[in-house]
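Take a look at the structure below.
Values in this text are rule-based calculations from the coordinates and carry no lab data. Nothing here was measured: the structure is a model prediction, and the numbers come from that model. Please note: Cβ atoms are built from the backbone with ideal geometry, for glycine as well, and neighbour counts cover all protein chains shown.
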Amino acid sequence: MPPKKPKTIPRVNSRRKSKSSNTAATGLYAASTLLQNAVANYSKSLVTTQKYAQRIAQGRKWLKQLVESEESLEHPPGCPNLVVEKEWTAEDLAGAFGKTPTPASAYILSLLISSKCFGEECGKSTAEGFHAAWKQHWDKAEPVGKWQGRWTWNDEKECYSGNPASSPEVDGIIKAVKNRDGSEGMRNHSSAMRKEWMDTIIEWSEKEVPNSMLHTFWEMGDKEYFKALPVMVKHFMMRAFSTSGFTLWTRNFELANLKYKNLELELQTTDQCRSSYFRVSLEDRKNWRHHTTREDILHGHNYEVHDQPESPGINMYFHFLRWLEFLELYIYRRALQPEDYVFPAIRANGVAKPGTPIPHDTIQKWLDEFVLTAEVKIGKARLTTPCFRRGGAQYRFAEAPVGKRWSLSVVKWWGGWAQGEHRDAMLRYLVDELHHFEEGHGDALRPCLPEESKSSLLGEHEMLQVPSKLEIQQMFRSEVAAATHTVFQGCEKLLNLLQGPDVVSIATSGTLPSLLDKWKAQECQQVFSLTTVPMAERWRQVIKDWYHSDLSWNHYIALKDWRPKWVTELRGILAQKYYDRKLIVQQYEQCNSNDSEFLQQWPVAAKGPTALLSAINEGRQAAGAYKCRASKNGKPEERKK
């Protein structure tokens with residue numbers, strides 16, 4: 001009987017076969033190395049791995065100090081030292097945080113957590129961080145899992161087995177930390193940074209280190225330059241870092257790890273506005289590795305950053321671009337490269353550490369300094385680096401002007417909360433403060449507490465409420481009274497004009513608004529007139545009028561001492577003249593209030609204030625700090641045609 005026809009052998013993909021054979025040919029050692037590297041690099045996210053390594057290093061440093069202090073102590077008779085008390089050897093104590101555990105490892109780990117949380121007042125996140133780091137460390141100490149499981153004593157072998165991090169001592173101290181935080185009502189998360197606090201901080205910082213120094217800093221001598229460099233770096237970087245965190249809602253490590261390759265600069269919208277902006281790409285936000293697809297991770301989140309001149313305290317567009325320019329001019333001293341950190345670590349002398357991002361401790365130190373020195377009234381609030389993320393989210397969701405608040409879907413996308421991520425985190429950022437507003441009744445004794453003030457989000461329904469008859473009558477009476485007062489003021493100005501000006505002493509005239517009325521009434525005397533001063537000296541008269549009064553021509557109050565509401569009342573051309581002189585004085589102050597330096601920088605001042613003001617505005621426009629309003633009739637050169 002002839003043999004049966006063999007079944008058709010399926011064709012094997014030659015490429016796959018050759019690839020498999022090549023892999024097998026690499027050998028067992030190479031395959032094992034590949035396995036270990038894969039587990040080490042991808043079992044945990046890069047940020048988690050770095051955090052665990054930091055905890056391991058901190059623990060070993062603490063143990064080294066403990067051993068040194070134990071050796072230097074003189075124990076009185078009858079008082080056992082740490083080694084004798086626990087029946088350890090000195091080697092067991094010194095090697096408690098080694099690659100493999102010793103009989104002292106569990107107890108020493110519990111001492112470490114106790115020292116950090118009860119000695120240094122750290123929270124439960126610190127305890128959990130040390131516990132997780134050392135648990136993983138000892139789990140991977142042996143490839144066969146020798147040090148995994150509960151930490152127990154083996155009577156037969158007379159040795160310990162398992163993981164010291166899974167011991168009753170460690171479990172007990174972690175439970176104690178959690179109970180402490182719960183019983184004392186400790187607030188574990190940072191308070192939210194408020195927009196008004198940001199405004200105060202940025203305004204103070206710009207007074208300490210004006211943005212104009214960006215282009216004049218290099219003119220200093222060597223001694224003054226290197227002395228001022230650390231201060232310049234701190235202010236320019238902190239302004240960019242804080243506004244970026246408040247705008248993009250980034251965590252500290254997300255912003256610190258930002259590189260130049262993650263930026264797209266000098267972009268412009270395609271709509272009719274043609275507004276300039278730049279784009280920031282955040283490719284590895286927290287929890288994305290577990291809650292997003294690979295394509296989402298690679299794509300990241302691209303954020304368009306636009307100018308917000310109406311909100312200078314949170315204007316990331318302005319401060320971020322100034323910081324990039326500062327980086328190129330004074331830190332890297334070259335054009336930025338793709339792998340350069342945007343916020344690099346800075347040494348005490350102001351020099352950057354290439355390839356190292358700014359550490360968390362530095363940002364926290366600067367934040368504390370800025371809040372304290374700027375005299376921000378935060379009460380008992382606790383501001384740490386997450387305050388920018390929390391504050392930015394709450395501002396856009398609930399505190400921005402009505403009509404400019406974001407929906408929950410926009411908030412979720414902008415904050416980088418991944419699809420499927422637990423919603424508790426987002427609720428802590430958004431709803432906690434609203435809950436305190438809606439449910440809190442600490443204002444119950446307020447005399448003018450409106451009824452049902454909390455029946456809508458932040459009481460917004462009050463803005464849309466129809467006024468009552470009584471409110472309309474009161475409003476009408478106040479308007480009539482204001483109009484009548486204006487008529488009497490007009491009569492008073494007319495009388496003053498006919499009778500001639502009186503020399504009024506500021507010390508004897510109690511009402512400053514009356515001085516303003518006199519000033520308005522005497523426009524015929526040309527308060528801002530410079531016609532009697534030579535053209536080349538008129539800029540000096542502008543400076544003089546700003547700082548000093550002159551009763552000889554009814555200039556009762558120096559312009560620098562004017563109240564904002566007086567300028568508001570001027571309006572029109574006179575208000576513009578006030579701001580023009582203020583701009584000239586600002587340039588004069590940037591030249592250290594030195595006439596020679598001012599004329600050297602602005603020689604056009606000899607041609608008069610008008611030519612000087614035009615040159616200043618051209619310089620501001622070139623620097624991006626000033627934009628000309630487009631006329632509906634076109635540009636001047638176009639209108640001449």
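Over the alpha-carbon set of segment 85-141, work out the extent along each principal axis and list the three values in angstrom, largest first.
Sorted from largest, the Cα extents of segment 85-141 read 32, 29, 12 Å.
Any chance you could get the radius of gyration and Dmax over the Cα atoms of segment 244-286, in Å?
12.5, 37
Report the calculated FRET efficiency for Glu537 and Ala345 (r = Cβ-Cβ distance, R0 = 51 Å), to the nearest 0.05.
Details: r = 51 Å, r/R0 = 1.00.
With R0 = 51 Å, the Cβ-Cβ based efficiency is 0.50.
Quick one: give the max-minus-min coordinate of the C-alpha atoms of segment 304-412 along each principal axis, largest first, in Å.
Ordered largest first, segment 304-412 gives principal extents of 45, 34, 25 Å.
Can you tell me the order of 212-220, 234-242 when each peptide is scored by its average per-residue count of other Cβ atoms within 10 angstrom, highest first?
Working: 212-220: 14.4, 234-242: 24.1.
The packing order, highest mean first, is 234-242, 212-220.
Packing-wise, with mean Cβ within 10 Å as the measure, how do 147-156, 607-616 rank, highest first?
Numbers: 147-156: 13.0, 607-616: 16.7.
Packing order, densest peptide first, comes out as 607-616, 147-156.
Could you rank the peptides 270-279, 94-103 by their average count of other C-beta atoms within 10 Å per residue, with the highest value first? Mind dumping the intermediate values first?
Details: 270-279: 11.2, 94-103: 18.8.
Going by the mean number of other Cβ atoms within 10 Å, highest first, we get 94-103, 270-279.
Give the residue list of trypsin sites (Lys or Arg not before Pro) in segment 314-354 that are DSSP loop and have at most 15 other beta-carbon atoms within 10 angstrom.
Qualifying residues, ordered by number: Arg333, Arg334, Arg347.
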